[in-house]
Amino acid sequence: MRRLIIIADDFAGAADCAAAFAARGARTYAVLNARLFEPGDWEIMALDADTRDAPPSVAEERVRRLMRCAGREHTVFKKVDSTLRGNLAVELRATLACRPADCVIAAPAFPATGRTTMGGRQLVHGCPLEESEFADQTSTSSIGELLAPAGLSVTEVGLGEVRAGGVAQLAREARAELLVCDAETEDDLERIVRGGLDSGTDVMWLGSAGLARRLAQRLAIGSRRASEPIDAIPVLLVVGSPASATRAQLEQLRAAGDVHEIVIGGEAEGDRAESLRECLRAGRDCALTLKSGTGARDHGREGTSRLGSIAAAAAELVGGLVLTGGETARAVLEAMSVRGLELECEVQPGIPLGFTDNSRRLPVAVKAGGFGDESALLACRRAMRGPRSGERRKDPR
């Protein structure tokens, strides 16, 4: 099989989508931007266009530039957010302009995190997007409506047709340029992937980490060396996401009682940065967070940039990093002059763990704000401990 290129609009998305392949042994990298893309010894490459909040014209040009760097000989997976945020249509149009395909199969569901698709509409724990906590970040839960500006004819594939095995035939029909597929379970995503692969057509995949996990299972790519042991002391958790899931996870972390929290926001940030360094020198795990009631969405790039610079200034004292939120992850890694991560496994569904691509090979877990159960930050911290923390995670069904 040809190598697979993943095009994402933020770094957490690039990493969580690619992690499914790393967990099955593929040599997998998540790279911060197109300028840092280099050919090499890899099977899966996830590229972050950093366009989630960019104006549509900027997003389209960045994706075109990134696709020109990637070339035309690879299979393409266009990663989209499972809550449909970002410039979905213009980025799909830009991707297809550089790498045409016979058919685009869209299945953004991620059942393991409560994201499903029913009647062509995206739901979060059974609730339409426009009635969820993400209502202020997307105009509709209709996938076809959001993708219509890409200029493709759209066929909605209902749950009954997915389960009857109808995806392969629809993919073969010239009229179906874009198939928007319902999916309620992991088995539904498996049927969609099987149909696309069995269709004999040149498919471009469009989805979230849920679809990537099923594709990774079917492709069975894997030539990576044995997993690396991890025993990281101390661990720095950098929490910049305002998502309700992250807030609940942070409460669980606080309840553990043995992680020192440094809150950024307002006065005396220099003192807080020095306090962070002192705690890390003492070997204590620390959490770097934004002021209560706020997050990256409220602070914008300035807030995540402050988190990044403070974390990077203490990086030489850190044994492992846990980064929450795509903007936060990018800010920290860029401030550390890291090009990207070589991914190793998943801590929980959609939460990748890998190593920085420099000589230090610092272990890093990246968690999208809305992903993970209430124990997710604790699980990421535990994954930094013990001789076999980097072991490949079995794929739950």
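Rule-based calculations on the coordinates, nothing more; no lab input. Keep in mind that this is a model prediction, so the values were computed, not measured. We place every Cβ from the backbone using ideal geometry, glycine too, and count neighbours over all the protein chains shown.
A convex hull fitted around the alpha carbon atoms of the chain yields 122 Å³ per residue. Close amide H partners of S241, meaning residues 5 or more places away or on another chain with modelled amide H under 5 Å apart, are A296. Each peptide in 360-369, 192-201 receives the mean, over its residues, of other Cβ atoms within 10 Å, and ordering these scores from highest gives 360-369, 192-201. Each residue, Q137 and E228, gets one label point 7 Å from its Cα in the Cβ direction; the gap between the two is 3.0 nm.
Each stretch of four or more DSSP H residues adds -39500 (n - 2.57); spread over every residue of the chain, this sum gives -10500 deg cm²/dmol at 222 nm.
The long axis of helix 326-335 is offset from the longest Cα principal axis of the chain by roughly 50 degrees.
By DSSP, the beta bridges lying fully in the chain are antiparallel in about 30 percent of cases.
When you count the other C-beta atoms within 10 angstrom of each residue and take the mean per peptide, 323-331, 72-80 line up highest first as 323-331, 72-80. Extension gain for the segment D102 to A256, taken as residue separation times 0.36 nm less the Cα-Cα distance, is 50.3 nm to one decimal. Extension gain, C127 to E316, is 63.7 nm, computed as 0.36 nm per intervening residue step minus the present C-alpha separation.
In this Cβ point-charge picture (+1 for Lys and Arg, -1 for Asp and Glu), region 4-219 has a dipole of about 600 debye about its Cα centre. Counting only Cα atoms, the size of region 4-219 along its three principal axes is 43, 38, 33 Å, in decreasing order. Scattering from region 29-108 was approximated by placing one identical point on each alpha carbon and applying the Debye formula without solvent; log10 I(q)/I(0) at 0.20 1/Å stands at -0.93. Taking amide H as placed 1.01 Å from N in the peptide plane, V364 has its amide H under 5 Å from the amide H of L321, G354, F355, T356, each at least 5 places away in sequence or on another chain.
Along region 151-166 the Karplus relation, 6.51 cos²θ - 1.76 cosθ + 1.60 evaluated at θ = phi - 60°, assigns HN-Hα couplings of x, 9, 6, 10, 10, 8, 9, x, 4, x, 5, 4, 6, 8, x, x Hz to successive residues, with x for each Gly and Pro. Taking the charge dipole of region 235-383 about its Cα centre, with +1 at Lys and Arg Cβ atoms and -1 at Asp and Glu Cβ atoms, the residue from G370, V259, C345 reaching farthest to the positive side is C345.
Couplings 3J(HN,Hα) of region 250-262, computed from phi: 5, 4, 4, 5, 4, 5, 4, x, 10, 10, 7, 9, 10 Hz, in residue order, whole Hz [Karplus 6.51 cos²θ - 1.76 cosθ + 1.60, θ = phi - 60°; x for Gly and Pro]. The listed peptides 343-351, 115-123, ordered by packing as a protection proxy, come out as 343-351, 115-123 (highest mean of other Cβ atoms within 10 Å first). Between D373 and S57, the FRET efficiency from the beta-carbon distance, with R0 = 22 Å, is close to 0.05. Karplus-derived 3J(HN,Hα) values for region 89-96, using 6.51 cos²θ - 1.76 cosθ + 1.60 with θ = phi - 60°, are 5, 5, 6, 5, 4, 5, 5, 5 Hz; glycine and proline are entered as x. Note on E73/M118: beta-carbon distance plugged into 1/(1 + (r/R0)^6) with R0 of 41 Å gives a FRET efficiency of 0.65.
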